[in-house]
């Protein structure tokens, strides 16, 4: 492989790694912000002395649903982008020989373990999606309970 191609691959790998870090950061930021807002909103609802009316309850449930679904769609989109970017990163790493033995040293193991070559599912992103969903469902249930009692 020519030095120019190697430099291009290294630049692409750096870019993909930075993109992956940014995606992880966005997911954490979205979920932590959403959970904080759900908590503050529900705290405000619970501390209200007056019982919620039916229109208020419906409005609050719709707001929570819109916020939940909107954030969930964003997380799903980020997960898809993460999976595609990881695929590019693995392809570049293969081209650089990071999964081959005895390329960089005389060890019988590659620099990167072959387990990195498994298809990426983004399961850790799905956990964040579940956390967001549980928070939204709990918030909806609390609003409904506040209406009933």
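The values are calculated or read from the model by the stated rules, or taken from the named source; none is laboratory data. Note that the structure is predicted; figures quoted are calculated from it, not measured. All Cβ positions, even for glycine, are placed from backbone atoms using ideal geometry, and neighbour counts span all protein chains on display.
What are the pairs with Cβ atoms under 8 angstrom where one residue, in region 31-44, is without any contact (Cβ under 8 Å) to a residue 40 or more places away in the chain and at negative phi and the other, located anywhere, is surrounded by 13 or more Cβ atoms within 10 Å (Cβ to Cβ) and not in a helix (DSSP H, G or I)? Sequence gap at least six, or different chains.
none
Could you say which residue among 98, 73 is free of Cβ contacts under 8 Å to residues at least 60 places away in the same chain, outside any loop (DSSP other than H, G, I, E, B) and either over 30 Å from residue 141 (Cβ atoms) or out of contact with any helix residue (DSSP H, G or I) (no Cβ under 6 Å at 6 or more places or on another chain) (or both)?
Exactly one residue qualifies, and that residue is 73.
Looking at 2, 25 in this structure, which one is modelled with pLDDT of 95 or more and more than 20 Å from residue 146 (Cα to Cα)?
25
Test residue 63 against the criterion of being within 30 Å of residue 143 (Cα to Cα) and at pLDDT 90 or above, and give yes or no.
Against the criterion (within 30 Å of residue 143 (Cα to Cα) and at pLDDT 90 or above), residue 63 qualifies.
Out of region 111-130, which residues are within 11 Å of the chain's Cα centre (by Cα) and part of a helix (DSSP H, G or I)?
Of everything in region 111-130, those that are within 11 Å of the chain's Cα centre (by Cα) and part of a helix (DSSP H, G or I) turn out to be 123, 124, 125, 126, 127, 128, 129, 130.
Given the criteria out of contact with any strand residue (DSSP E or B) (no Cβ under 8 Å at 6 or more places or on another chain), in a helix (DSSP H, G or I) and modelled with pLDDT under 95, does residue 93 qualify?
Considered against the rule, which asks whether it is out of contact with any strand residue (DSSP E or B) (no Cβ under 8 Å at 6 or more places or on another chain), in a helix (DSSP H, G or I) and modelled with pLDDT under 95, residue 93 comes out as yes.
Looking at (1) touching a residue at least 24 places away in the same chain (Cβ under 8 Å); (2) surrounded by 13 or more Cβ atoms within 10 Å (Cβ to Cβ); (3) under 30 Å from residue 11 (Cβ atoms), which is the only condition residue 121 fails?
Every listed condition holds for residue 121 apart from (2).
Against the definition (touching a residue at least 12 places away in the same chain (Cβ under 8 Å), buried (at least 16 other Cβ atoms within 10 Å of the Cβ), under 20 Å from the mean Cα position of the chain (by Cα) and not in a helix (DSSP H, G or I)), how does residue 64 come out, yes or no?
Here the answer is no, as residue 64 does not meet what is asked.
With (1) under 26 Å from residue 131 (Cα atoms); (2) within 23 Å of the chain's Cα centre (by Cα); (3) modelled with pLDDT of 95 or more as the list, and residue 16 as the residue in question, which single condition is left unmet?
Here residue 16 meets the rest and fails (1).
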